[in-house]
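See below for the structure under consideration.
The values are calculated or read from the model by the stated rules, or taken from the named source; none is laboratory data. Note that the structure is predicted; figures quoted are calculated from it, not measured. All Cβ positions, glycine included, derive from the backbone under ideal geometry; neighbour counts span all protein chains shown. Heads up: the accessible areas ignore ligands, DNA and RNA and are worked out on the full protein's heavy atoms, side chains in. Shrake-Rupley method; radii C 1.70, N 1.55, O 1.52, S 1.80 Å.
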Amino acid sequence: MSRAVPGWVGVVWAVVAPWLAAQPVYQCGTQYSDRPCADAKLRTDLADPRTDEQRWQAREHGLRQGWMADELEQQRLRREEALRAAQRLPEEPPQAAAPAAPSETRRSRRPKDFKVRLPKPPKRPKTRPASG
């Protein structure tokens, strides 16, 4: 499973991020919105409070988790394949076939003059002429 982000996502983020940063954010009770409500508080402290070191550690941790998930998936697939192989019936050893005579040819079940015969269409009921 690939964890790569498509290139277009970065381009969109680069275009949209400055616009998003300029938007005011209001806190209405326990919810956040871009529109003020009756008792709204303007929030300006929404920046990430983590240090560069903490952000780096979080990113590294996420990458390690992704690698671990990929490795575990590969192990699971190998185990499943081994189980499927163990459950297959053993194949019979090939038997030595007697050499076919040169005059012997394989015959088809179908005769050479095979024709497809379709059923006849149903007969039309006879209609009586109208008396007039």
Heavy-atom accessible area ranking, 1.4 Å probe, most first, across 25, 116: 116, 25
To the nearest 10 square angstrom, what accessible area does residue 127 show with a 1.4 Å probe? 120
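Please work out the FRET efficiency for the pair residue 80 and residue 30, using the Cβ-Cβ distance as r and a Förster radius of 41 Å; give the result to the nearest 0.05.
Efficiency, from the Cβ-Cβ distance: 0.35.
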